[in-house]
Amino acid sequence: MQQSKLIDLLRSFDARETARFRELAASPFFNKNQKIRALLDFCLDFGPDYDAEGLDKRAAYRHIYKEEGYEELRINNLLSDALQLGYQLLAQLELEARSPFQKRLELEALLDRRAEKHLRHSTQRLQQLTERLPHRSHQYQHERYEMAQLLDRFALQRNPRRFTPHLQHQNDALDRYYWCNKLRLACDMASRNRAINAAYTCHFLEELLSLFRQQPPLLAESPALQTYYQALMMLTSEEEAHYRSLRQLLSQHHSVFTLEELQDLYDYAQNYCVKRINSGEAAFYRDILDLYKEMLDRKVLLRQGYLTQWSYINIVTAGIRLKEFKWTEDFIYTYRSQLAPEVQENVFTYNLAALQFERAQYQEALQTLQGVEFSDAFYHMAAKMIQLKSYYELQEEEALYALLEASRKYIKRNRQLSTYQKQSNGNFLKMIARLQKLRSRQAQYGSAPPDNLNALLHRIDAQPELANRSWLRRKVRLLV
């Protein structure tokens, strides 16, 4: 029963939603089956984890039917009915959250009944709710289109021969909705085509862009349209001017967009920066950190209420690259609690150690990592890399070689690491071992053979898959 769809759905509910589910199940309007209510009373007492041993079908059967024996089909049918009631709760909660949509349904019903005494107030209330919507992107224009359609219908019911402005409003809102949504989809297609070679085709896009560039007032006055246009131009042409325009528009008009739209637009800008960084333009680390700071300020980075581990790592990496050590340390501690509980300790510990290493606090980095058992293979291996580099910096040769051997065995035996991770980390182990031998020779004889140092540099440059390449190059040059 713990693996049933009903229990899986219940686990996704927060405390408020669980309470609302109890209320909905107890309402005769939504549920007249008292056995469903009894089943939910039984199940909900096991929340919020729903993993206790007593949560099983036979126990539920005895609780509901108050009798000995057991009929599998009977309890399965009841579980299915309760699940459908859970889906109905989700729909009800969504309806309550979308007040203009709810008011439109009400107004449509009143129009169908030609309920003249009620219509004026309902139309006024719909207009108020629509204008109170917090955003002004494609969803808002769609709401305005639907509202204008109903207002026009209301006006025609009262006087079929009278001029109504709502028909024009309906047309204009539809145009803005279409253009905004079309450009939004075009951006999404262009982004996915670059990421996974999806070969999406956005029909009639060139014709639409040609019209858009003429900047008719209906389109020019929309910040959402202008933003999506610049995003699309950046994604397709990769010209920096479009990236800069997108950044400016996002800064000025971020309140226009829903959270989901902002996340997509910032992702496009970030991916542009990453591509420039990967092309060797390290100056874009400043851009990407500034983008992250904006997203943190506007709470755009949270997904399902948590900061993803990859965003956390990327922010720390950018902060370290720009040597904003104090800001990065504050970030590491401040946002630790916003990581998902299952990855929080791994991510926090690894990133704190990475910062300490970059600050040349090698003993502190080793102490931070000491005694921590990383549950994730990626963080386990990344932590070993920090420890190896720290031992090298501290000239603890014996500890370095011992950890090298343990790391080789870990890579060989671990099945969680990808092929790329195994190769890049394995190659690093080989290179740091050679580096340590050359430094030991230099300490013993006063110098390391230049040919050997140049050969190691050549190996480092020629190796396609190699972790910590830039660090290795710096250490070899220090021996020259």
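The values are calculated or read from the model by the stated rules, or taken from the named source; none is laboratory data. Bear in mind that the values here come from a model prediction, so they are computed numbers and not experimental data. Cβ placement follows ideal geometry from the backbone for every residue including glycine, while neighbour counts extend to all protein chains displayed.
Kindly indicate which of Leu156, Leu167 is of a type in the set (A, V, I, L, M, F, W, C), surrounded by fewer than 17 Cβ atoms within 10 Å (Cβ to Cβ) and over 42 Å from the mean Cα position of the chain (by Cα).
Working: Leu167 fails: over 42 Å from the mean Cα position of the chain (by Cα).
Of the residues listed, the single one that is of a type in the set (A, V, I, L, M, F, W, C), surrounded by fewer than 17 Cβ atoms within 10 Å (Cβ to Cβ) and over 42 Å from the mean Cα position of the chain (by Cα) is Leu156.
Could you please let me know if Ile320 is more than 18 Å from Ser337 (Cβ to Cβ), in contact (Cβ under 8 Å) with a residue 24 or more places away in the chain, assigned to a helix (DSSP H, G or I) and assigned by TED's automatic domain parsing to the domain that holds Thr349?
Values: more than 18 Å from Ser337 (Cβ to Cβ): yes; in contact (Cβ under 8 Å) with a residue 24 or more places away in the chain: yes; assigned to a helix (DSSP H, G or I): yes; assigned by TED's automatic domain parsing to the domain that holds Thr349: yes.
Taking the combined requirement at face value, the residue satisfies it.
Go through Ala360, Ala377, Ala353 for me and flag whichever is at pLDDT 95 or above and within 27 Å of Ser418 (Cα to Cα). Don't jump to the end; show me each part of the working.
Values: Ala360 fails: within 27 Å of Ser418 (Cα to Cα); Ala377 fails: at pLDDT 95 or above.
Result: Ala353 is the single residue among Ala360, Ala377, Ala353 that is at pLDDT 95 or above and within 27 Å of Ser418 (Cα to Cα).
Which of the residues belonging to segment 256-275 are closer than 17 Å to Gly319 by Cα, over 14 Å from the mean Cα position of the chain (by Cα) and not aliphatic (A, V, I, L, M)?
Cys273, the sole residue that qualifies.
If only one of Tyr145, Tyr178, Tyr140, Tyr200 is within 31 Å of the chain's Cα centre (by Cα), outside any helix (DSSP H, G or I) and on the phi < 0 side of the Ramachandran plot, which one is it? Don't jump to the end; show me each part of the working.
Numbers: Tyr145 fails: outside any helix (DSSP H, G or I); Tyr178 fails: outside any helix (DSSP H, G or I); Tyr140 fails: outside any helix (DSSP H, G or I).
Sole residue among the options that is within 31 Å of the chain's Cα centre (by Cα), outside any helix (DSSP H, G or I) and on the phi < 0 side of the Ramachandran plot: Tyr200.
What number of residues within segment 192-207 satisfy the criterion of being surrounded by 11 or more Cβ atoms within 10 Å (Cβ to Cβ) and either over 15 Å from Thr236 (Cα atoms) or among the polar types (S, T, N, Q) (or both)?
Matching residues across segment 192-207 total 1.
Quick check, is Glu260 of a type outside the set (A, V, I, L, M, F, W, C) and surrounded by fewer than 16 Cβ atoms within 10 Å (Cβ to Cβ)?
Values: of a type outside the set (A, V, I, L, M, F, W, C): yes; surrounded by fewer than 16 Cβ atoms within 10 Å (Cβ to Cβ): yes.
Criteria met by Glu260.
Could you tell me which of the residues Glu239, Glu281 is free of Cβ contacts under 8 Å to residues at least 40 places away in the same chain, under 19 Å from Leu322 (Cβ atoms), of a type outside the set (Lys, Arg) and surrounded by fewer than 15 Cβ atoms within 10 Å (Cβ to Cβ)? Walk me through how you get there before you give the answer.
Values: Glu239 fails: under 19 Å from Leu322 (Cβ atoms).
Just a single option satisfies the conditions, and that option is Glu281.
One line per residue, one yes/no per condition, for (1) without any contact (Cβ under 8 Å) to a residue 12 or more places away in the chain; (2) buried (at least 16 other Cβ atoms within 10 Å of the Cβ); (3) more than 19 Å from Arg11 (Cβ to Cβ); (4) not β-branched (Val, Ile, Thr):
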| residue | (1), (2), (3), (4) |
| --- | --- |
| Cys43 | no, yes, no, yes |
| Ile64 | no, yes, yes, no |
| Glu68 | yes, no, yes, yes |
| Leu79 | no, yes, no, yes |
| Leu83 | no, yes, no, yes |
| Glu96 | yes, no, yes, yes |
| Leu107 | no, yes, yes, yes |
| Arg113 | yes, no, yes, yes |
| Leu119 | no, yes, yes, yes |
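For segment 11-37, enumerate the residues that are of a type in the set (A, V, I, L, M, F, W, C) and either surrounded by 18 or more Cβ atoms within 10 Å (Cβ to Cβ) or closer than 10 Å to Leu89 by Cβ (or both). Even if it seems obvious, please write down each step before you answer.
If we filter segment 11-37 for residues that are of a type in the set (A, V, I, L, M, F, W, C), which is where we start, we get 13, 15, 19, 21, 24-26, 29-30, 36.
Phe13, Phe21, Leu24, Ala25, Phe30, Ile36, listed by residue number.
Of the residues that sit in segment 121-137 and are in contact (Cβ under 8 Å) with a residue 12 or more places away in the chain and farther than 17 Å from Val256 by Cα, which one is surrounded by the most Cβ atoms within 10 Å (Cβ to Cβ)?
Within segment 121-137, the first condition is being in contact (Cβ under 8 Å) with a residue 12 or more places away in the chain, and the residues that meet it are 122-123, 125-127, 129-130, 133-137.
Now narrow it down to the ones that are farther than 17 Å from Val256 by Cα: 122-123, 125-127.
On the way: Ser122: 20, Thr123: 21, Arg125: 15, Leu126: 23, Gln127: 16.
The extreme case among them is Leu126.
Looking only at segment 338-360, which residues are more than 19 Å from Gln304 (Cβ to Cβ) and without any contact (Cβ under 8 Å) to a residue 12 or more places away in the chain?
None - no residue of segment 338-360 is more than 19 Å from Gln304 (Cβ to Cβ) and without any contact (Cβ under 8 Å) to a residue 12 or more places away in the chain, so the list stays empty.
Enumerate the helices (runs of 4 or more DSSP H) found wholly within segment 235-309, keeping only those where 1 or more residues are of a type in the set (A, V, I, L, M, F, W, C), modelled with pLDDT of 95 or more and assigned by TED's automatic domain parsing to the domain that holds Arg192.
Values: elements: 240-253, 259-278, 284-297.
Counting at least 1 such residues, we get 240-253, 259-278.
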